[in-house]
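The values are calculated or read from the model by the stated rules, or taken from the named source; none is laboratory data. These figures come from a predicted structure and were not determined experimentally. FYI the Cβ positions are ideal-geometry reconstructions off the backbone, even for glycines, and counts take in every protein chain you see.
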Amino acid sequence: MDVRLYSAAVLALYQLTLLLGIALLPVAMVTERVGLRLPIDRLVTQLNSAYDRASA
């Protein structure tokens, strides 16, 4: 049961992170012109890896 709960929680976090990345896309484009970079891609990659490990 704990593994299923963990897997579901990681999947939910992964999906929320994707939604956040899509919502912040205009902000990311503006900040990149200024020279700053939002680390959303690293967060999505890490959560994707965590979900893959949990579902295996």
Problem - Residue pairs meeting the criteria (Cβ under 9 Å; at least 6 apart or on separate chains; first modelled with pLDDT of 85 or more, in segment 1-12; second among the basic types (K, R) and assigned to a helix (DSSP H, G or I)) - result: V10/R53
Handout entry: Output for segment 1-54, where each listed residue is in a helix (DSSP H, G or I) and small (G, A, S)
Key = S7, A8, A9, A12, G21, A23, A28, S49, A50, A54
Exercise for the section: Go through segment 37-56 and give me each residue that's touching a residue at least 24 places away in the same chain (Cβ under 8 Å), under 10 Å from T17 (Cβ atoms) and not aliphatic (A, V, I, L, M). Expected result: N48
Completion exercise
Residue count, segment 25-56, condition surrounded by fewer than 14 Cβ atoms within 10 Å (Cβ to Cβ), over 12 Å from the mean Cα position of the chain (by Cα) and not hydroxyl-bearing (S, T, Y), comes to 14
